[in-house]
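Nothing in this text is a laboratory measurement; each read-out follows from the coordinates by a stated rule. Since the structure is predicted, the reported quantities are computational estimates derived from the model, not experimental observations. As a convention, Cβ positions derive from the backbone with ideal geometry for all residues, glycine included, and neighbour counts pool all protein chains shown.
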Amino acid sequence: MRKRVSMRKFIARNKTLSIGALMVAIVCLVAIFAPVIAPYGYAEASMRDAAKPPSSSHLLGTDQYGRDVLSRVVYGTRLSLLIGIFGQGINICIGVTLGLIAGYFGSRLDDAILGLCNILLCLPVLILAMAVMAVLGPGLMNVFIALGLTNWTYDCRLVRSQTLSIREEEYVSAARATGCSTVRILARHILPNCVGPILVLTTLGMADTILIGAALGFIGLGAQPPQPEWGTMLSQGRDYIRLASWICTFPGLALVFTIMGFNLLGDGLRDLVDPHLRTR
Amino acid sequence: MLGFAVRRVLQIIPTLIILTMILFVLMSILPGDPAFIRASAVKQGRIDLEQVERLREEWGLNDPLPVRYFRWLSGVLRGDLGRSYRTGQDVGDMLKERLPVTLRLVILSMLVAVIGGVSLGFIAAMHQGTIFDLAAMFLAVAGMSIPEFWSGLMLILLVGVTWRLLPTGGYGGGDLAHIALPTLTLGFRYMALIARVTRSSVLDVARNDYVRTARGKGLAERAVRFRHILRNSLIPITTIIGLEFGWLLANTVVIEMVFGLPGIGYLLVMSVLRKDLVAMQGGILVIAAVFLLLNLVVDLLYGFLDPRIRYERKG
C-alpha cells in the first residue's frame, strides 16, 4: 500500500526535484506570459537609446540597436523552450520507435539499428547537428530538425534494453497467447514500462538540447537575428562586450537558469524513479 | 591484452567507412553548386557558365556519387583530403596547420579537468557532508549548466577587460597567456562532471568490506585511501572521461569562436558558413578520428585497470 506523504515532507525529501521543478515552472510561466512581462516588443528598436546601461526605463539596459534587453531575454525563453520541446519530441519519436523495433524483433534489425546508433555516436551531437545545419541552412525550424535527427541514440538504446528484458516476462507471453497483435503488445505492455526512464532522459535531454541549440545560434548557424534567441543574442553582443557588457551577461544568465532547472529536475526525477541510481 | 587491443582497433575500420559514406551523401545533397560558387568567387559579379562547366569537369562533379565517393576515399587513404572548392587550398595542409592549436587546447583542458575533477571529487567524498563537500557539489552542478560560450565571454570581460591580466583573444603563437582562458573555460564542465562521478564512485567503494579490513589490519590511512579506495573507483571515472570527451571535442568549436583561436573548430564553422564542402568533410573526419582514437585508448585503459574485462570480451 502506498503511504500518503504530506507535501512538505515530499519537498524536504526531494530537494533537488523541488528546486528544479520550481525553476522549470518559472521558465515556463515566463514563456507563456512573455507579452505581459516584457515591457517592450523584442524587435522594438530606437537608435537613440542604443547600448544604454541598465536604468529604470530599461531594467537590463538596451542592446546595440536600442532594443530592450529584458524584453528580448523574456521572449527568448519561448524560443529556447521550443528548441528543447521540438528537439526532444523528435528524438523520442525516432528513438522509441527504433528502440522498440530493435529490442522486440532482435536479430538483423537489432544489429542494423544498433550499428546506426554506434556510427552516430562516433561524432559529438554538436558536430553532427552542424553538418545537418549545413545542408538545411540556418534558421530556427532547421535547428529543431537538426537536433531531433542527431540526438535520439540515447532514447533508442534505453528503450531497446528495457524492451529486451521485458520481452521475456510472463505477462508478455500471456498477451501473445491471448492473441494480442504485436503493435498492441508493444504499446500496451512494453512501452508503459519504459515511461519512467524516458521521462528522466528527456528532462536531462531538454537541458542538453537547449544548450546545443544556443551553441548553434552562437556560432551563427541557429536562429537568425532579429529573433531573440539567447545564443544568437550572445554572438551579436560579443562585439560590444567592452562597451556594453549587459548585452551578453543577461541572456547567458537566463540560459544558465533554464539549463540548471532542467538538470536539477532530471536528477531529482531519476532519484525518484530509480532509487538504485541515487548519487548520495 | 594484445589480442584485445588488436580486436578493438579492427572494429574501428568499418565504423569509419560507413561514417564517411553518410557524410559524403549528406554533403552531396548540400544545396549550391561548388563550381558555381567558385566561379562567382573568382570573378566578382559576372559568372562565366563555360568556366563553371570546365570546373565541374575538372573536379569530376559530373561523375555519379559512388564514383566520387571512392575517388575521395582513395585520396583520403593516401593522405590527400582534396582541395577547397572555395580557395583552392589543400585541405590536408589547412588541417595540419590548425590541428596543433586544437590538440593543445584539448589536451591541456583534459589535464586540468582530470586532475582538478578527480582531486575535487575525492576530497569531497573523504569529507562527506562538510561545507567543502557541499561547495564542491554546487560547483559541479553549476559547471554542468553553464554554457562555455557564455562563461568564456564572462572570463574575457572579467580577466581580460576589467582586470587586464590576460589577452582577450587570439592564439599568439600558443603561449600560456593566450591559451589559459580557453583551457579553463573548456575544462570547467568536464571537470565538474568528473568531480561528480569521482565523488559517488569513491563513496561507493569506501563502503566495501575490504576497505574496512584494510583499516582493521592497521594500514596507514593514506595507503587505504590511495591504494584501496581511489584505485578501485577509477573505472566509472574512466567511463565518464571517455563518454564526455565528445562534448569537450565538440566544444572546441565554440571555444575557438569565442577566443578567436585558429583551430579545427574555427575552420569547421567557417567552412559550414561558406559552404566549403571539402574543408568541411576534412574537418569532420579529423574530429571523428580523434574521438574514435580516444575511445580506443579508454577501452584499452579499461582492460588495463580491470583485468576481468579483457577475458569477458573474448569469444
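What the table below lists for this structure:
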| quantity | calculated |
| --- | --- |
| Helical mean residue ellipticity (222 nm; -39500 (n - 2.57) per DSSP H run of 4+; nearest 500) of chain B | -24000 deg cm²/dmol |
| Peptide-level mean, for A:127-137, of C-beta atoms on other protein chains within 10 Å | 6 |
| Average beta-carbon neighbours from other chains, 10 Å sphere, peptide A:112-124 | 5 |
| Check: chain A dipole with +1 on Lys, Arg Cβ and -1 on Asp, Glu Cβ, in debye | 940 debye |
| Cleavage-rule hits, trypsin sites (Lys or Arg not before Pro), the stretch A:188-260, DSSP coil, Cβ neighbours within 10 Å at most 13 | A:ARG242 |
| Under 12 Å, Cβ to Cβ, from A:TYR65 - net charge with Lys/Arg +1 and Asp/Glu -1 | 0 |
| Sequence of A:CYS122, A:CYS248 once ranked by neighbouring C-beta atoms within 10 Å, starting from the fewest | A:CYS122, A:CYS248 |
| Footprinting exposure proxy for A:VAL74, A:VAL143 (fewest neighbouring C-beta atoms within 10 Å first) | A:VAL74, A:VAL143 |
| Dipole of the protein assembly as shown [Lys/Arg +1, Asp/Glu -1 at C-beta], most positive-end residue of B:SER271, B:LEU139, B:LEU16 | B:LEU139 |
| Under 5 Å, built H, 5+ apart or other chain: amide partners of B:ARG83 | B:VAL91 |
| Relative contact order for chain B, counting Cα pairs under 8 Å that sit 6 or more residues apart, in percent | 23 percent |
| Environment charge at B:THR238 (Cβ cut-off 10 Å; Lys +1, Arg +1, Asp -1, Glu -1) | -2 |
| B:GLU50 versus B:ARG68: modelled label distance in nm, points set 7 Å from Cα along the beta carbon direction | 2.5 nm |
| Of the DSSP H helices in chain A, those whose Cα atoms cover at least 15 Å axially and whose Kyte score averages 1.6 or more | A:15-32, A:125-136, A:140-150, A:195-218 |
| Shielding of A:241-248 by partner chains, average beta-carbon count, 10 Å | 3 |
| Estimated 222 nm signal from helices in chain A, with DSSP H stretches of n ≥ 4 weighted -39500 (n - 2.57), rounded to 500 | -22000 deg cm²/dmol |
| Burial order of peptide ranges A:103-114, A:169-180 (average beta-carbon count within 10 Å, highest first) | A:103-114, A:169-180 |
| Residue order, fewest to most beta carbons within 10 Å, for A:TRP152, A:TRP246, B:TRP163 | B:TRP163, A:TRP246, A:TRP152 |
| DSSP loop trypsin sites (Lys or Arg not before Pro) with at most 12 other Cβ within 10 Å excluded, longest remaining stretch of chain B | B:218-313 |
| Reachable aspartates and glutamates, given that their alpha-carbon falls under 18 Å from the alpha-carbon of A:LYS15 and they are not under 8 places away in the same chain | A:ASP267, A:ASP271, A:ASP274, B:ASP133 |
